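Novice: Just passing along the structure, written as structure tokens.
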Amino acid sequence: MARIIGGLTSSHIPAVGNAIEHNLQQEPYWKRFFDGYGPAKDWLKKADPDVIVVVYNDHGLNFFLDKMPTFALGCADIYHNADEGWGLKPQAPFPGDAQFSWHIAESLMEQEFDICMCQEMLVDHGFVNPIRALYGTLEKWPVKTVPLAVNTVQHPVPTAARCLKLGKALGKAIESYPEDLKVVIFGTGGLSHQLQGERAGLINVDFDIECIEKIATEPEWMTQFSNSEIMRLAGTEGIETIMWLVMRGALQDDAKIIHKHYHAPISNTGAGVLVLENQS
Amino acid sequence: MVWKTHDYDDIPGTYVFDGKVAHASYNINKMLFTFNTEECRSEFDKDPSAYCDKFGVTGEFKDCVVNKDFLKMLRLGCNIYFMAKIAIPRGTSVQDAGAAFQGITTEEFQAKLLKNREGLEERLAKVGGYWNG
């Protein structure tokens, strides 16, 4: 049977992709942020997953505002990255696992998550940058991928509580797949940031740290907040933090903390790397 | 017909991209979505005004596009991620826009962001268990 080894979180902002592209990881501005990925990379190498499920939001590459699925699952054997209009170089295509994806879609539907199935799906920086931060920049990726896109762009977006429930359903879906796959879940985006309005530039370090602590040990805590409350505390784009809960929900309640890293600012955001491992 | 109010309406200096905003800015966002493609970008560059007409981008929105007033574009409700597709290649970053919203320079905006870095290691050490270099 497929087994979830663990999960991790990563920022996915464009600046991370730019820094990797221009080899700035050891520049003073970036050093502490990228160095903090070291233990996460080591863990991932040791975990050696066959498939990663990447929970992210699209920023106007694959989905336009005409049809905006709340939750969309890639169900293909390949996912292409593409020009987003502002200069980040498209990366090598990412292999998928269609059979595994369709199983997840069926299981989620049985568990009353009415997911949008995508047989073609362009993956944008939200998906690509965490993979590059953790695996490097490769011509051939060593792992299969399943993209799971959450709408965090056009409100109404799903609640934190709903995302945690989706994670729990995702966990059941994955662990009911008959093949012996090792799976790791990436929860991307966040933490606090706001890109526009007079409050642009908001970072809430205290709230970010509290989110990391609670999502690790007591994720239900996050479900007390409405999306309005999260945006009040963490900024409009800080709402992306709800995607961490999809990852967290898929893991065991007593998942072990392997690594915690927080840095601010990275561009306009607070950035957190959390690695959690299921008890075997 | 009425747009209902929301708990987030009174968050200061904050504009949530919801149905009301997305509805009003649909055409401009649709036009900017095409900028993912190089051919569309060059067609736009040849005649911005005609390209706006093709997508029904009119009035104040069209003025913003033609005058490259990206900040006003955001104020009118254009989505930040779609705005980035026209603004970044023309030298206006998301940080430039953030700074302009506050009426400060981009350097001042970045300096404010960097204040979050102060004492970070100490704060994390106090909570405990964080990688700290």
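Novice: Percent relative contact order of chain A, based on C-alpha pairs within less than 8 angstrom and at least six residues apart?
Specialist: 31 percent
Novice: Run through every distinct alpha carbon pair of the protein assembly as shown and return the Kirkwood hydrodynamic radius in angstroms, one decimal place.
Specialist: Radius from the Kirkwood sum: 21.5 Å.
Novice: Output the relative contact order of segment A:48-192, whole-number percent, from Cα pairs under 8 angstrom with separation of 6+ residues.
Specialist: Averaging sequence separation for qualifying contacts and normalising by length gives 44 percent for segment A:48-192.
Novice: Loop by DSSP (not H, G, I, E, B), at most 13 other beta-carbon atoms within 10 Å: where is the longest site-free stretch of chain A for trypsin sites (Lys or Arg not before Pro)?
Specialist: A:141-280
Novice: Charges on Cβ only, +1 for Lys and Arg, -1 for Asp and Glu, centred on the Cα centroid of chain A; of A:GLY201, A:GLN224, A:ALA169, which one is farthest towards the dipole's positive end?
Specialist: A:GLY201
Novice: Here's something else I'd like to know. Suppose R0 equals 41 Å. What FRET efficiency, 1/(1 + (r/R0)^6) with r the Cβ-Cβ distance, do B:GLU118 and B:LYS68 give to the nearest 0.05?
Specialist: Step by step, r from the Cβ atoms, then E = 0.70.
Novice: Further question: Subtracting the Cα-Cα distance from 0.36 nm times the residue separation, let me have the gained length for A:GLU210 to A:LYS256 in nm, one decimal.
Specialist: 14.8 nm
Novice: Can you work out the PRE-style zone for B:TRP3? Point 7 Å along Cα to Cβ, and I want the residues of segment B:69-99 with backbone N under 16 Å.
Specialist: Residues passing the 16 Å test: B:73-80.
Novice: If Lys and Arg each add +1 and Asp and Glu each add -1, what is the summed charge of the other residues whose beta carbon sits under 12 Å from the beta carbon of A:SER176?
Specialist: -2
Novice: May I pose another question? In the structure displayed, which of B:LYS30/B:LYS85; A:LYS45/A:LYS172; A:LYS89/B:LYS68; A:LYS67/A:LYS214 lie more than 23 Å apart, Cα to Cα?
Specialist: Pairs exceeding the cut-off: A:LYS45/A:LYS172; A:LYS89/B:LYS68; A:LYS67/A:LYS214.
Novice: Something else: Extending each Cα 7 Å along its Cβ direction at B:ASP47 and B:LYS30, get the distance between those two points in nm, one decimal.
Specialist: That separation, rounded to one decimal, is 2.0 nm.
Read-outs: derived from the displayed coordinates by stated rules, not from any lab. In this text the structure is predicted, and so the values were computed from the model without any measurement. Quick reminder, even Gly has a Cβ in these numbers, built from the backbone with ideal geometry, and neighbours come from all protein chains shown.
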